[in-house]
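Worksheet for the structure shown next.
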Amino acid sequence: MKNIGFILLIVLFASCGKERESTKPSHEELVEAVYSSVVIEPVDAYKVNSSITGYIDEMYFSEGDFVKKGDLLFRISNKPIELNEQNAELNYELLKDTYSGTANLIEEMKLDQKSSKMKMMNDSVNYHRFKMLFEKNACSKFDLDNASMAYELSKNTYLSVSKRIVRKEKELKNQINQSKNNLNASSLRTNDYLIRSNIDGKLFQTFKEKGEFVSMQEPIAIVGDAKSYKLKMLIDEVDISKVILGQKVLVTLEAYKSKVFEAKITKIAPKMDAQTQTFEIEAVFVQQPSRLYMGLTGEGNIVINEKKKALVIPREYLLPGNKVETENGMVKVKTGLSNWSFIEIVSGLDENTIIIKPE
């Protein structure tokens with residue numbers, strides 16, 4: 001921001017025996033701004049959380065390392081889950097083998113079906129032979145009834161075995177599908193213990209060490225964009241109505257004390273933080289500094305209004321009721337823009353008027 005200078009005129013005025021300081025209004029560039037502290041954060045930064053509880057079994061990257069999307073960052077150990085997955089896999093393989101493998105139960109049942117069918121066909125031939133003999137009075141009714149009963153029994157046995165095969169095949173298919181679902185669910189649970197990066201970026205910070213316990217409520221690390229950074233600011237509720245998207249922000253950073261950077265507002269929180277009574281504002285650099293780090297701090301001035309050539313006086317010369325003391329007495333003025341140091345005079349004074357600093 002341009003420094004605004006004034007040439008002070010030291011004029012002596014008799015007022016209870018004291019010397020009074022005076023000056024004249026001056027045409028200067030005036031910028032009206034809303035002040036805020038600034039914190040630098042990477043764009044798209046996110047906190048890495050675990051969806052399960054456990055202990056960190058392995059850490060694959062260190063703070064400052066660059067990571068790719070999908071890279072394995074941490075592994076959480078949990079033996080019961082691993083054993084459940086192994087059991088689910090064993091059960092799935094057993095059911096598959098029972099249905100279509102070396103221990104094929106259906107094939108075994110089909111052999112029984114084949115045997116029962118052959119017996120049924122044999123009993124059928126025998127029955128019809130005894131029926132013909134009975135019609136020729138060549139056998140007794142007792143022999144025919146026995147042949148008929150044997151045929152009915154073997155036919156029922158064949159039908160029963162056939163139905164059991166259909167039922168068992170359907171049952172095994174359902175069990176295999178259920179077992180596969182259990183295995184997939186167990187695998188997903190196991191994958192929960194493998195924590196990967198969601199983006200290409202940089203591992204800015206880790207909050208846990210290998211062997212430490214991890215809960216679902218606390219973050220493990222922070223990963224973010226390694227090339228693009230944003231500014232986060234907190235604006236008091238009394239100033240939020242002056243802030244709009246796209247406004248210019250003049251930024252000074254502790255790491256670059258001699259430079260002023262320009263940024264623009266990109267996001268305004270729709271809700272005030274009830275605890276701090278502030279709104280969170282985000283901005284991006286128009287031209288980003290060559291080297292930035294997460295957590296750098298500074299100051300930002302959101303430009304509300306600016307004039308290249310405004311008639312201004314020091315703020316301390318303005319009296320209550322918008323009055324200014326001149327050589328000829330009190331004069332009421334109309335004010336315009338203002339900042340911490342100066343205030344614009346719209347009417348009531350000109351650049352030749354000598355004004356006296358209040359006691």
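The values are calculated or read from the model by the stated rules, or taken from the named source; none is laboratory data. Here the structure is a predicted model, which is why all the values come from computation and not from measurement. When we count neighbours, we look across all protein chains shown, and the Cβ atoms used for this are built from the backbone with ideal geometry, even at glycine.
When T276 is evaluated against the numbered criteria (1) surrounded by fewer than 17 Cβ atoms within 10 Å (Cβ to Cβ); (2) over 20 Å from L234 (Cβ atoms); (3) at pLDDT below 90, which criterion, by number, is the only one it fails?
(2)
Within the range 308-323, how many residues turn out to be under 25 Å from E19 (Cβ atoms), of a type outside the set (K, R) and either in contact with a Leu (Cβ under 6 Å, 6 or more places away or on another chain) or in a strand (DSSP E or B) (or both)?
Initial filter on the range 308-323 (under 25 Å from E19 (Cβ atoms)): 312-320, 323.
Subsequent filtering for residues that are of a type outside the set (K, R) retains 312-314, 316-320.
Remaining after also requiring either in contact with a Leu (Cβ under 6 Å, 6 or more places away or on another chain) or in a strand (DSSP E or B) (or both): 312-314, 319.
Adding up the residues that qualify gives 4.
Taking the residues in the range 67-79 that are touching a residue at least 40 places away in the same chain (Cβ under 8 Å) and more than 19 Å from the chain's Cα centre (by Cα) as candidates, determine which candidate is surrounded by the fewest Cβ atoms within 10 Å (Cβ to Cβ). Even if it seems obvious, please write down each step before you answer.
Filtering the range 67-79 for residues touching a residue at least 40 places away in the same chain (Cβ under 8 Å) gives 67-78.
Subsequent filtering for residues that are more than 19 Å from the chain's Cα centre (by Cα) retains 75-78.
On the way: R75: 16, I76: 21, S77: 13, N78: 17.
Result: S77.
Which one of these is part of a loop (DSSP other than H, G, I, E, B) and assigned by TED's automatic domain parsing to the domain that holds H27: N352, N301, N305?
Values: N301 fails: part of a loop (DSSP other than H, G, I, E, B); N305 fails: part of a loop (DSSP other than H, G, I, E, B).
One residue alone meets the criteria, N352.
Looking at the range 284-300, I want the residues that are within 17 Å of Q247 (Cα to Cα) and have a partner that is modelled with pLDDT of 90 or more and aromatic (F, W, Y) with Cβ atoms under 7 Å, at least 6 apart or on another chain. Which pairs are those?
From the range 284-300, the pairs are F285/F261; Q288/Y229.
Is there a residue in the range 119-131 that is of a type in the set (G, A, S), surrounded by 13 or more Cβ atoms within 10 Å (Cβ to Cβ) and farther than 30 Å from V166 by Cα?
Step one: of the range 119-131, the residues of a type in the set (G, A, S) are 124.
After this cut, where a residue has to be surrounded by 13 or more Cβ atoms within 10 Å (Cβ to Cβ) as well, the list is 124.
Narrowing the set further to residues that are farther than 30 Å from V166 by Cα leaves none.
No, because not a single residue in the range 119-131 is of a type in the set (G, A, S), surrounded by 13 or more Cβ atoms within 10 Å (Cβ to Cβ) and farther than 30 Å from V166 by Cα.
What's the number of the only condition in (1) modelled with pLDDT of 85 or more; (2) part of a strand (DSSP E or B); (3) surrounded by fewer than 16 Cβ atoms within 10 Å (Cβ to Cβ) that K271 fails to meet?
The number of the failed condition is (2).
Looking at A255, A269, A263, A226, can you tell me which residue is touching a strand residue (DSSP E or B) at 6+ places or on another chain (Cβ under 9 Å) and either among the hydroxyl-bearing types (S, T, Y) or touching a residue at least 60 places away in the same chain (Cβ under 8 Å) (or both)?
Numbers: A255 fails: either among the hydroxyl-bearing types (S, T, Y) or touching a residue at least 60 places away in the same chain (Cβ under 8 Å) (or both); A269 fails: either among the hydroxyl-bearing types (S, T, Y) or touching a residue at least 60 places away in the same chain (Cβ under 8 Å) (or both); A263 fails: either among the hydroxyl-bearing types (S, T, Y) or touching a residue at least 60 places away in the same chain (Cβ under 8 Å) (or both).
Going through A255, A269, A263, A226 in turn, just one is touching a strand residue (DSSP E or B) at 6+ places or on another chain (Cβ under 9 Å) and either among the hydroxyl-bearing types (S, T, Y) or touching a residue at least 60 places away in the same chain (Cβ under 8 Å) (or both): A226.
Do you know which residues across the range 32-65 are within 30 Å of I235 (Cα to Cα), of a type in the set (V, I, T) and surrounded by fewer than 20 Cβ atoms within 10 Å (Cβ to Cβ)? Walk me through how you get there before you give the answer.
Filtering the range 32-65 down to residues within 30 Å of I235 (Cα to Cα) leaves 32-49.
With the extra rule that they be of a type in the set (V, I, T), the set shrinks to 34, 38-40, 43, 48.
Result: V39, V43.
Determine which single condition A33 fails, assuming it passes every other condition in (1) assigned to a strand (DSSP E or B); (2) modelled with pLDDT under 85; (3) not assigned by TED's automatic domain parsing to the domain that holds I235.
Checking A33 against (1) assigned to a strand (DSSP E or B); (2) modelled with pLDDT under 85; (3) not assigned by TED's automatic domain parsing to the domain that holds I235, the one that fails is (3).
Look at the range 324-349 and say how many of its residues are in contact (Cβ under 8 Å) with a residue 60 or more places away in the chain, among the polar types (S, T, N, Q) and in a loop (DSSP other than H, G, I, E, B).
Going through the range 324-349 one residue at a time, the tally reaches 2.
Among the residues of the range 266-280, is there at least one that is of a type in the set (F, W, Y), more than 21 Å from the chain's Cα centre (by Cα) and not assigned by TED's automatic domain parsing to the domain that holds D200?
Keep residues of the range 266-280 that are of a type in the set (F, W, Y), which gives 279.
Imposing the further condition that a residue be more than 21 Å from the chain's Cα centre (by Cα) reduces the set to none.
No, that holds for no residue.
Is one or more of the residues making up the range 324-333 among the basic types (K, R) and within 19 Å of E19 (Cβ to Cβ)?
Checked against the condition, which is being among the basic types (K, R) and within 19 Å of E19 (Cβ to Cβ), the range 324-333 yields no hits at all.
Which strands (runs of 3 or more DSSP E) sit wholly inside the range 121-233 and have at least 1 residues that are under 30 Å from I106 (Cα atoms) and not basic (K, R)?
Of the strands (runs of 3 or more DSSP E) lying wholly inside the range 121-233, none has at least 1 residues that are under 30 Å from I106 (Cα atoms) and not basic (K, R).
Residue-by-condition table, conditions (1) at pLDDT 80 or above; (2) under 30 Å from Q288 (Cα atoms); (3) hydroxyl-bearing (S, T, Y):
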{"site": "A14", "(1), (2), (3)": "no, no, no"}
{"site": "P25", "(1), (2), (3)": "yes, no, no"}
{"site": "E28", "(1), (2), (3)": "yes, yes, no"}
{"site": "V48", "(1), (2), (3)": "yes, yes, no"}
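To keep it simple, each residue is scored yes or no on (1) closer than 30 Å to V284 by Cβ; (2) crowded, with 18+ Cβ neighbours inside 10 Å; (3) touching a residue at least 24 places away in the same chain (Cβ under 8 Å); (4) in the same structural domain as N87 (by TED's automatic domain parsing).
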| site | (1), (2), (3), (4) |
| --- | --- |
| N146 | no, no, no, yes |
| A150 | no, yes, yes, yes |
| V161 | no, yes, yes, yes |
| E169 | no, no, yes, yes |
| I176 | no, yes, yes, yes |
| F204 | yes, yes, yes, no |
| K210 | no, no, yes, no |
| K232 | yes, no, yes, no |
| E237 | yes, no, yes, no |
